[in-house]
Amino acid sequence: MKKISTDFKYLILLGIILVLAIIPTYAHHGHLLVDCGREAYYPTQILLGKVLYKDILNIYGPFSYMFNAFLFKIFGINLNVLYLAGCVCSFLIAALIYLISRRFLPDFLSFSIAVFTILVGVSSHYLSNFIFPYSYAMLYGLVGFLLSMLFLLKYASELKISNLYLSCFFAGLCVTGKYEFLPFLIVIFYAMIKVRPLKIKEYYYTIFSLLFMPVFCFGILFLQGLNMQDLIMTGSIIKKMAHTRTLKYFYRSQGVYFSTKFMQIQIVSFLKTIFPLTCFLYGFKSRNKILSILLILLSSFLITQWTTPISFSLIPLLIVVLAIFNFKNLKNNFALQLLVLSAVLFSTKVFWGLITANYGAFFIGFLLITFIAIISDIFKDKNINYKAIGIYILLAAGVLSYINFSSRGKYYPLETARGNFYTQEYLYQAGQDLIDYINKNTKKTDKIVIYPEGAMINFMTDRPSDNFYTSLIPLYVETFGEDKLIENLKKTKPEYVIFNDWNTQEYSFKYICKDYAVSFCNFVATNYTQEKVIGKKFRYLIFKRR
């Protein structure tokens, strides 16, 4: 009873911390031009009868867009609906991180890891955040993964078949959101085989639970008119995209691919993380009060100076190394087996670089649990000061939050009928002027394409874009080719084509019409009339069809 009461108090405290973290950041997450606009725009098109993979190009699973369309249908089309969905997910992620951690680690340390997860995920203002992320598929997928993991651990310890059914259901949900979670199914099947023999009927129910959400989502799409040819075409596009030079360049810049140079930076950063942690632990352990205070003060100072978004980047690799080292003990600890195997398969995208400023924000909480749990198992005969580790994690969380907050700069609100969105100063005025121009000078039926990206403007002004070629970042230009893009423009004949100055250097090419898509831009210049140039620090060039 005492444990339940303590856990409940910590969960309440996590909720309070989350609210305090969200209040100063509400409507400040995401980016006006990059990715996030797609997350708001696609669900509105689904409500208009457009079909994913057929009418709307989608490289992710269908669940998140369909679910957000459902939310829009129930609560109205407004950014606040998505913000609040992100807030709910943030609490679920923090609570699930805590509850999973409690199966392996003490309460205060579990609480510290959950707080770390909240602060990293909410204080991040760019694309990888828990409130308005680059992909709700990633956010909902993470919630589904954590729920599946919790019920799988409960099944392994309690042997209740209902927990396996629930685990499979949420595993199906997470893979229907984002395909990166597919490797996790290996853990599900491993548990099905190892925990206990299943009856034939239990196998059927297990498979039914696993397939329910994928079949439900794709079943709806097929009823709406999707066919296998559409899925095959989408698959071929994804396959071609995966082999593009621009995607490889992007992933290399984000630490997804192995890099010798980046590995050297990671090792130095790891040593600068371990040293203050070691001093911190010795400070708490020392019986000499003066030495103890000096070590704690020194380590606290070093934590504030040396903690960066790449401080924990080697954790996925270290989990594998520790698992191999601890292989004999792992054979006798099935729950830890499941945790480690899940962590390895879960973290394939950040294996060579867990950076909390990008994708790592979604993975760090679960990987911290696994890393500390396996160390705890290795040194189970030692007296580990979990409280000191928890305090260290809280300090590191505070530093990373400060880094995120201090890098924001001043934000200004774009105010529309569909909700407010705070953006950086250099984007604000041009963005507001463009929204005003569209509202005053175009009809609601006018198709307006904004390149390289700008679907958020379409959402805010309630104007249609090209649902298949919504974005023309270098990745998409390389994937489709300019001839196909020009052919599509001839066919769809949007009333307006708008180019902006967004720098896409993460994909190797900086500016559209200058460094890439030149032939496409020349075609626009030939067949459209330049109506207006909006902005000084950041520009939008508006072309109207002749």
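The values are calculated or read from the model by the stated rules, or taken from the named source; none is laboratory data. Given the structure is predicted, the values throughout are model-derived calculations rather than measurements. Neighbour counts run over all protein chains shown; Cβ positions are idealised from the backbone, glycine included.
Kindly indicate which of I378, I393, I372, I389 is in contact (Cβ under 8 Å) with a residue 12 or more places away in the chain and either touching an Asp or Glu at 6+ places or on another chain (Cβ under 8 Å) or within 25 Å of P24 (Cβ to Cβ) (or both). Talk me through it step by step, then tell me what you get.
Details: I378 fails: either touching an Asp or Glu at 6+ places or on another chain (Cβ under 8 Å) or within 25 Å of P24 (Cβ to Cβ) (or both); I372 fails: either touching an Asp or Glu at 6+ places or on another chain (Cβ under 8 Å) or within 25 Å of P24 (Cβ to Cβ) (or both); I389 fails: either touching an Asp or Glu at 6+ places or on another chain (Cβ under 8 Å) or within 25 Å of P24 (Cβ to Cβ) (or both).
Residue meeting the stated conditions: I393.
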**Request:** For F520, indicate whether it is surrounded by fewer than 18 Cβ atoms within 10 Å (Cβ to Cβ) and in contact with a Leu (Cβ under 8 Å, 6 or more places away or on another chain).
**Result:** no
**Prompt:** Does V350 satisfy the condition of being touching a Lys or Arg at 6+ places or on another chain (Cβ under 7 Å), touching a residue at least 24 places away in the same chain (Cβ under 8 Å) and among the hydrophobic types (A, V, I, L, M, F, W, C)?
**Reply:** no
**Request:** Looking for whichever is at pLDDT 95 or above, more than 26 Å from Q45 (Cα to Cα) and either assigned by TED's automatic domain parsing to the domain that holds Q254 or in a helix (DSSP H, G or I) (or both) here; the options are N522, N458, N439. Which one fits?
**Result:** N522
**Message:** Suppose we filter the range 54-85 for residues that are outside any helix (DSSP H, G or I), more than 18 Å from F216 (Cα to Cα) and among the polar types (S, T, N, Q); how many remain?
**Reply:** 1
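Is it the case that P62 is touching a residue at least 12 places away in the same chain (Cβ under 8 Å), closer than 22 Å to L173 by Cα and touching a Gly at 6+ places or on another chain (Cβ under 9 Å)? Walk me through it before giving the result.
Values: touching a residue at least 12 places away in the same chain (Cβ under 8 Å): yes; closer than 22 Å to L173 by Cα: yes; touching a Gly at 6+ places or on another chain (Cβ under 9 Å): yes.
Yes; evaluated as a whole, the condition is true for this residue.
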**Message:** If I go through the range 439-454 residue by residue, how many of them are buried (at least 24 other Cβ atoms within 10 Å of the Cβ) and farther than 17 Å from K493 by Cβ?
**Reply:** 3
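Looking for something without any contact (Cβ under 8 Å) to a residue 12 or more places away in the chain and not assigned by TED's automatic domain parsing to the domain that holds Y540 - is there at least one such residue anywhere in the range 39-48? Break it down stepwise before answering.
Taking the range 39-48 as the starting set, the residues that turn out to be without any contact (Cβ under 8 Å) to a residue 12 or more places away in the chain are 48.
Applying the additional criterion that residues be not assigned by TED's automatic domain parsing to the domain that holds Y540 yields 48.
Yes, there is a match, as at least one residue in the range 39-48 is without any contact (Cβ under 8 Å) to a residue 12 or more places away in the chain and not assigned by TED's automatic domain parsing to the domain that holds Y540.
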**Prompt:** Between residues in the range 313-337 that are free of Cβ contacts under 8 Å to residues at least 40 places away in the same chain and in the same structural domain as Q254 (by TED's automatic domain parsing) and residues that are surrounded by 14 or more Cβ atoms within 10 Å (Cβ to Cβ) and not in a helix (DSSP H, G or I), which pairs lie under 7 Å by C-beta distance while being six or more apart or on different chains?
**Reply:** L317/F351
**The lone exception for F499 - which of (1) in contact (Cβ under 8 Å) with a residue 60 or more places away in the chain; (2) crowded, with 23+ Cβ neighbours inside 10 Å it fails** = (1)
**Asked** Looking at S236, is it without any contact (Cβ under 8 Å) to a residue 40 or more places away in the chain, in contact with a helix residue (DSSP H, G or I) (Cβ under 7 Å, 6 or more places away or on another chain) and surrounded by fewer than 16 Cβ atoms within 10 Å (Cβ to Cβ)?
**Response** no
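Would you mind finding the one in Y476, Y469 that is closer than 29 Å to I46 by Cα, outside any helix (DSSP H, G or I) and under 31 Å from the mean Cα position of the chain (by Cα)?
Numbers: Y476 fails: outside any helix (DSSP H, G or I).
Exactly one of Y476, Y469 is closer than 29 Å to I46 by Cα, outside any helix (DSSP H, G or I) and under 31 Å from the mean Cα position of the chain (by Cα), namely Y469.
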**Message:** Among the numbered criteria (1) at positive phi; (2) surrounded by 19 or more Cβ atoms within 10 Å (Cβ to Cβ), which one does L159 miss?
**Reply:** (2)
**Item:** Selection count, the range 371-393, where residues are over 22 Å from the mean Cα position of the chain (by Cα) and either farther than 20 Å from F280 by Cα or not β-branched (V, I, T) (or both)
**Value:** 16
**Message:** If I go through the range 243-264 residue by residue, how many of them are surrounded by 12 or more Cβ atoms within 10 Å (Cβ to Cβ) and in a helix (DSSP H, G or I)?
**Reply:** 11
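The rows are residues; the columns are (1) exposed (fewer than 14 other Cβ atoms within 10 Å of the Cβ); (2) in contact with a helix residue (DSSP H, G or I) (Cβ under 6 Å, 6 or more places away or on another chain); (3) outside any helix (DSSP H, G or I).
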| residue | (1), (2), (3) |
| --- | --- |
| I188 | no, yes, no |
| P214 | no, yes, no |
| Q229 | yes, no, no |
| Q266 | no, no, no |
**Asked** Of the residues that make up the range 274-293, is at least one among the β-branched types (V, I, T), surrounded by 14 or more Cβ atoms within 10 Å (Cβ to Cβ) and farther than 30 Å from S167 by Cβ?
**Response** no
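In this structure, is V88 among the hydrophobic types (A, V, I, L, M, F, W, C), surrounded by fewer than 24 Cβ atoms within 10 Å (Cβ to Cβ) and in a helix (DSSP H, G or I)? Give the steps one after another, and end with the answer.
Numbers: among the hydrophobic types (A, V, I, L, M, F, W, C): yes; surrounded by fewer than 24 Cβ atoms within 10 Å (Cβ to Cβ): yes; in a helix (DSSP H, G or I): yes.
Judged against the criteria, V88 is a match.
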**Message:** If D433 meets every condition in (1) surrounded by 15 or more Cβ atoms within 10 Å (Cβ to Cβ); (2) closer than 18 Å to G37 by Cβ; (3) touching a residue at least 60 places away in the same chain (Cβ under 8 Å) apart from one, which number is that one?
**Reply:** (1)
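Within the range 268-288, how many residues turn out to be among the polar types (S, T, N, Q), over 19 Å from A357 (Cα atoms) and in a helix (DSSP H, G or I)?
So the count comes out to 1.
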**Prompt:** Which of the residues that make up the range 500-519 are more than 28 Å from the chain's Cα centre (by Cα) and assigned to a loop (DSSP other than H, G, I, E, B)?
**Reply:** C513, K514, D515, A517
**Fill in**
Residue hits (the range 414-433; in contact with a Gly (Cβ under 6 Å, 6 or more places away or on another chain) and part of a helix (DSSP H, G or I)) are A430
**Message:** Which count do you get for residues in the range 14-53 that are outside any helix (DSSP H, G or I) and within 30 Å of R539 (Cβ to Cβ)?
**Reply:** 10
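Considering only residues of the range 311-357 that are among the charged types (D, E, K, R) and assigned to a helix (DSSP H, G or I), which is surrounded by the fewest Cβ atoms within 10 Å (Cβ to Cβ)?
Keep residues of the range 311-357 that are among the charged types (D, E, K, R), which gives 328, 331, 349.
If we keep only those that are assigned to a helix (DSSP H, G or I) as well, we get 328, 349.
Details: K328: 7, K349: 20.
Within the range 311-357, the match that is surrounded by the fewest Cβ atoms within 10 Å (Cβ to Cβ) is K328.
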